[in-house]
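Report on one structure; see the data block that follows.
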Amino acid sequence: MRLSGLLPLFDESPSIRRLVDLAGVALPPSALDSDLTIDGSPALMAPQVSAVVREAAKATVIASLQARSGRPIVLLASDPAKAQAWVHDLQTWSQSPDDVHYLPAFDAAPYEQLPAAADTVGSRAGVLVHLAGARQAGISLDTTVIVTSVAGLTQMVASPEDFAPRVVRVTPGATISMDGLVAQLTASGYTRVGLVEAPGSFSRRGGILDLFPPLAEWPVRLEFFGDEVESLRMFDPVTQRSTGTLEVFQLAPATEFPLWNGAAAAAVLNALDCDTLRPEVREEWDWQVRDLEGGAFFAALPFFARYLIDAGGHRPGWLLDYLPDPLVIIDEPRTVLDSLDDLDQHTRERRDRLMGNGSIPAGFAAAWHDRASTLRRLADVATMHLSYRTPGGSTELVVGAPLPVTAPDGDPEEDATQVHPDPLPLQLHHGQGEGWGQTAAPTDAPDPVLEPDETRPAAETTTLVPVHPDAAIVLTEFEMAPTYGGRIKDVVEMSRRRLHARNRVVIVSQQASRLAELYADHGLDIAPVETLERQPTRPSLTLVQGQAGEGWVHDALGLVVLTDVEVFGWARPRRPVRRRRYAKESFLGELTVGDMVVHVEHGIAQYQGLVRRQVEGGEREYLLLQFQGADKVYVPTDQLDRVERFVGAGEHVPALSKLGGGEWERAKNRVKQSVAEVAQQLLVLYAARDVAQAHAFGPDTQWQRDLEEAFPFVETADQMQAITDVKQDMERTKPMDRLVCGDVGFGKTEVAVRAAFKAVQEGKQVAVLVPTTVLAMQHFQTFSRRMQAFPVKVDVLSRFRTTREQDAVVAGLVDGSVDLVIGTHRLLSKDVRFRDLGLLVVDEEQRFGVTHKERLKQLRNDVHVLTLTATPIPRTLHQSMVGMRDMSVIETPPEARLPVKTYVTGQDESLVREAILREVDRGGQVFVVHNRVQTIHAVARKLGKLIPEVDITVGHGQMDEDELEKVMVEFSQGSHDVLVCTTIIESGLDLPNVNTIIVQDAAMFGLAQLYQLRGRVGRSGQQAYAYLLYDPARRLTETAEKRLRSIFEATDLGAGFRIAMKDLEIRGAGNLLGPEQSGFMNTVGFDLYCRLVAEAVEELRGKRTIPATDLTIDLPLGAHLPDSYVGDGDVKVRLYRRLATLETEAEVEAARVEFADRFGILPTPVADLFFLLRVKALARARFVRAIETQDGVVTGPELVLKLSPFVVCDRVALYKAFGTRAVVKGGQVRIPRATSAEKWRRDLLVALDSLRVIEAAPASAGISSVPQPNRP
């Protein structure tokens, strides 16, 4: 969505024109004839231009400067959140949105060692690459805007002299050594992988090189012929297919760190005195320095960046060094200066603390520009201050007295005609007070280490007053827009008046289509537009579908801009987040050597890897499975769909099966008998629900639409599908039993709100069952707020209520005066009765005990049931998988959500203090989870001593109800900075201001618990952090290690469903209807067990099934993927597994085209593999049992097709093709095998085409592919 069509209107604004003129010619103070002084002191941070403008209009003003100032702009914000919001706003207004870039800051503060997020590494490198590449190519940067924060600007970068030569333009036909290119990529921070999916990675396959540059929208595929670049193509990381060609490609480092200086940097680091380091720190330090010496990239590299930068022989660089004559716009300079001061002070404290406790060696330098250096560097460029308030602090846009400024000659300027909004110059003096110790130094001084005895001279002065009084512009013409709070009639009337006055009215809304309908109801027909890139006529009314900040009115230009903020009284999340996309094979279960696997026909084995064997027609690759004793099976790679990784209950390690003797078949038969009993019980449940009749609700009403339109967020596609599924279920007479699985904060509660409102409108009651009293209180607030405009009585039943209040609620449920009740297990008490219950919503069912679940079963038969969960327990997940419950999965995150950055590390007081202070400093709050009530207050007291500057409170489930409610309410209102608590916060708690969570003894929690706890933060669009701490002195169990590793790896938004699958492996699959089933599940593994249950249920339902038949194909083909074609072993196995699942001829052909694009021209073994897959797909569709070659005594070599009983052959077609040489007899088709490979392949396809299925068979019982034992 763009509003750039409005920018030309501001050419008519004298104040904007004046501001543009000043910005275009502004010079840095260092270019003046003499030093500027104020009150006799050096004037640091004195702007050359100062603009006072309303907050809502800032983006419009900067976009005008971008378009017309003729120089690149750096926009400096106080913190990363404000900087990111600026990027969205500027791209909305800019005429060159692609020229607006964001330079983020690393999460790690100076001297702090935290893993660098891959997206941050890529974004920072991408900005520097863009700037260096543009200057090398002679491309103008006049419309470039770089947005950054104080932390982003002060983090050192490599100098352009060291970095720019690494940016190289590549074109088709260029001559480049491929081996040299691979070495250069490694030295530039790229990671070699098997499959290129993420920025900063590359892969080599024969003459094809794939790489994903930082900030690139698509990865790039270079195809070589020798050392010549034959073609450049972009490709999709999901399909791995090419999407278009490139005429030129900019080959550049994947990281800003000059890894090519690693050896020199390591030499300097090795010279530091590391004897003061703690032993565990020294061990990690040594291997990190070794990695640095080898030029390897690792996540903690920013910690050592200063040494890589210095080793290049150039001074430490600044972002400003990459831009020719930039204009630095400082947004809210007071706040920026405060941020700079805080950063300086905290950095010194952190350095002293870390050196004192043996975490860093003495003399270690951080890659950080201190306060004095930053201010002096800003004095070397032209600056503009942009603020909604005058330098004197007033927020009134008024013109005050003339500005007294001391000119270079020392005489006050008496004849200043331009008045300034502040009658007196503001000076922020920093003397020798405690906390300051950095002397102002030249920008090229080696200044990162602050000496304790250094002090800032009292004479140093910072000023926010412009250099000259006529450079202060007050943009009074931007006026505050009126607000309507949803009164659409008033909005329409305002529009009529403005149109009558020949104004342009522009309304930007996420509900533009709905507004168009409302305008039409009032006689104004207007069609919404997706973007506004052309200047609207005058008068005009324009509805733009999209989202913007706040609106404003410019009467001089006759222009009114309104947004959802003014029209509806709220603003939806605005910042789009780029989602990482994955190739199909990434989601296939990993198989690593040593894994236990289940072969459907042969039993449990150990995977020994891929091996190659010589067969007739060439080589083939096989999965080698080791069974009991010396027994082995070589599984052809086209039959990998018969092999799954073993997942059992608990930590059970299965015994290897013995080939032959029928042991595996007997074990399977025992499981089948047990499964039949389970299926019978499932059938009883099915029958009860099929017979039961629930109320069928009608279609949506106008009230329903009104409620949904008032939802202050943008629904995702997954969320809308879940809502549609639930509504359709409720409109049937069959009782709904739907599971909505959505990640924490993905909008499950809104699904429940809409379902509940639908039920209440038809006189039905709704019960919402939650596991904790705190969650009950929060849901009560949410449901009440969403339904406050309607006659719906919402109440809550929990221990937060007195006995009298609980009795009143129970009575209201009986007489029907309470429409919707939210409660804990108290709702399941026998005294609770409903007049007419129509819908039961269960939030986090896995948190309820067996007794409670039995009571739930009694309630379920004749009411609609909606279950919400973020990480379904294995039992729930299984039931959904075998069709016992309907399931909707919400995998798409809300637009503004960011993945929670997760750190798994040992207990460290310094880290805890740093994490809490970082969050509190940005205005947020912190959860500290300590799950022992006995010691929780002691932990809180210890934290209070560690961080005395923050306010700490305690909350746990054993507190008095009133006290706990008071604590939670106060914390939610921001009265406390830190809540030390138990897992009472685990389920559903929604506090958007809490964006850091620290979990102590994380190894003691279950995976689902850890996932739920992490989901308590990151719900507001702010970057959130989770620190999972464990005791480094205590040895972790294998299970605990798996849990922590899984939660660390599952950082992608929407990973809850995959977390549940991982939980199956860790704590076991459990059972469907009783613990006695666990042993049977361990016998055959989770996947086969669930498959057998599903088949048994289908049979008991009366659906005719055809026993699975083995399809074996034995043809003289050397079908495999050579190492020269696919070199990475893990990728090869995943590709084989994916190919084995292809079911149709069309799927095989699509895969063949994909492989040619991804890996190059298909060599003979790969072409043979795809022919084999095509034959397999055709045979599956025709229920062929086997295809093999035989040597007939009379007929010679033959191709033999063995058929299932319900398959017949079109003899006419067969005899027409082969004459009497074709034989159809005894369920077999025999045709001669020609000596020419091309001929017999064509004949085989003809024979397959002659087969007809005379009896329909369900797709689920299709022909499976099972290899025969092939012992060496």
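Brief remarks on what is shown
- Filter on K727/K901; K82/K793; K58/K966; K734/K830 - keep pairs with C-alpha separation over 31 Å: K727/K901; K82/K793; K58/K966
- Separation in nanometres of the label points that stand 7 Å from Cα toward Cβ, at S784 and A938: 3.9
- The protection proxy used here, the mean number of other Cβ atoms lying within 10 Å of each residue, ranks peptides 297-309, 1130-1142, 490-502 as follows, highest first: 297-309, 1130-1142, 490-502.
- For the peptides 194-201, 671-678, 627-634, the ranking by packing is 194-201, 671-678, 627-634, with the highest mean count of neighbouring Cβ atoms within 10 Å listed first.
- Between W218 and D836, the FRET efficiency from the beta-carbon distance, with R0 = 56 Å, is close to 0.50.
- Based on Cα contacts under 8 Å between residues 6+ apart, the range 481-567 shows a relative contact order of 41 percent.
- Kirkwood hydrodynamic radius over Cα pairs of the range 168-251, then Stokes diffusion coefficient at 25 °C and 0.890 mPa s, in µm²/s: 195
- Based on alpha carbons, the Rg and Dmax found for the range 481-567 are 11.6, 31 Å.
- Computed extension length for D11-D951: 333.3 nm, one decimal, from 0.36 nm per residue of separation with the Cα-Cα distance subtracted.
- Separation in nanometres of the label points that stand 7 Å from Cα toward Cβ, at A501 and V1246: 8.6
- Extended-chain gain in nm, criterion 0.36 nm per residue less alpha-carbon gap, A137 and Q535: 139.9 nm
- √(5λ) per eigenvalue of the Cα gyration tensor, the range 158-208, largest first, Å: 20, 16, 10
- Stokes-Einstein, applied to the Kirkwood radius of the range 1112-1265 over Cα pairs at a viscosity of 1.002 mPa s and 20 °C, places its translational diffusion at 129 µm² s⁻¹.
- Note on T1235 and Q345: the extension gain reaches 312.0 nm, defined as 0.36 nm multiplied by sequence separation minus the Cα-Cα distance.
- Nearest-0.05 FRET efficiency for N669 and Q693, computed from C-beta distance (R0 41 Å): 0.55
Rule-based calculations on the coordinates, nothing more; no lab input. Keep in mind that this is a model prediction, so the values were computed, not measured. Note: ideal-geometry Cβ built from the backbone for every residue, glycine included; neighbour counts use all protein chains shown.
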